Amino acid sequence: LDDAPLLGVVYDPLRDQCFAARAGQGATCDGVPLHTSGTEAMIEAVIGMDWTRDAASRARNAALIGRLSQSCNVIRSCGSAALALGYVAAGWWDAYWHLSIQPWDVAAGALIVREAGGQVTDLAGERWELDTAPVLASNGVLHPRLCDELAAVP
C-alpha cells in the first residue's frame, strides 16, 4: 500500500529497549528477532488496552473489559499504544485494542507487529490503515475470536 509504513521504531526509555521493523525484513527488540506469541486459547491470553478521553468510548471499554475478562487470563493497560504494540510483537502480550487512536501513536507499532508475524486490523477485522481510528493487534491466532468479542459490545 502506498501509505503503509516502511520503517517503524519504538523506544522505551524506562527499560532502554528499542523495538524496530523494516517492511519485509522482520522485527527486533534490541537487535533480537521478535515473534508474536503462539497462544491459542483465550483463557490463557494476556490482552492489553488503553483508555480514551471520550466518555462514550470509555463506557464501551468498560463493557469490553467486563466481557473479555470472563474469557481471557488478564487485561492490562500500559498507557502507551506504541509500547503495547511492541509487547504484542515480542509475544509478551497476545493482543491489544484501542478504540480511538491517532496514526502517530500506532503506525510504527503496527508495522512491528505485522513484521513479527501478528495481525493488525480495525475492530471488524479489516486491514488497519493510517486513517483508521480503532485498532486491534494480535498474534493472529486469536484475532477472529477477538473481533467477535469486540463486535458483541456496541
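What the table shows:
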{"read-out": "Candidate set from the range 25-53 (those that are charged (D, E, K, R) and farther than 18 Å from L68 by Cβ); member that is most open to solvent (accessible area, probe 1.4 Å)", "value": "R53"}
{"read-out": "Residues within the range 115-141 that are more than 10 Å from the chain's Cα centre (by Cα) and under 12 Å from V88 (Cα atoms), tallied", "value": "4"}
{"read-out": "Failed item, numbered, when R15 is tested on (1) charged (D, E, K, R); (2) free of Cβ contacts under 8 Å to residues at least 60 places away in the same chain; (3) not in a loop (DSSP other than H, G, I, E, B)", "value": "(3)"}
{"read-out": "Output for the range 57-89, where each listed residue is open to solvent by 40 Å² or more (accessible area, probe 1.4 Å) and under 15 Å from R15 (Cβ atoms)", "value": "C78, G79"}
{"read-out": "Residues of the range 90-135 satisfying the condition of being closer than 19 Å to N73 by Cβ and buried (at least 24 other Cβ atoms within 10 Å of the Cβ)", "value": "W93, D94, A95, Y96, W97, G118"}
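Conditions (1) in contact with a helix residue (DSSP H, G or I) (Cβ under 9 Å, 6 or more places away or on another chain); (2) at pLDDT 95 or above, marked per residue:
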{"position": "D3", "(1), (2)": "no, no"}
{"position": "A23", "(1), (2)": "yes, yes"}
{"position": "G26", "(1), (2)": "yes, yes"}
{"position": "T36", "(1), (2)": "yes, yes"}
{"position": "E40", "(1), (2)": "no, yes"}
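The values are calculated or read from the model by the stated rules, or taken from the named source; none is laboratory data. All values reported here derive from a predicted model rather than from experimental measurement. When we count neighbours, we look across all protein chains shown, and the Cβ atoms used for this are built from the backbone with ideal geometry, even at glycine. For the accessible areas, the whole protein counts, side chains as well, though only heavy atoms, and no ligand, DNA or RNA atoms are used. Shrake-Rupley method; radii C 1.70, N 1.55, O 1.52, S 1.80 Å.
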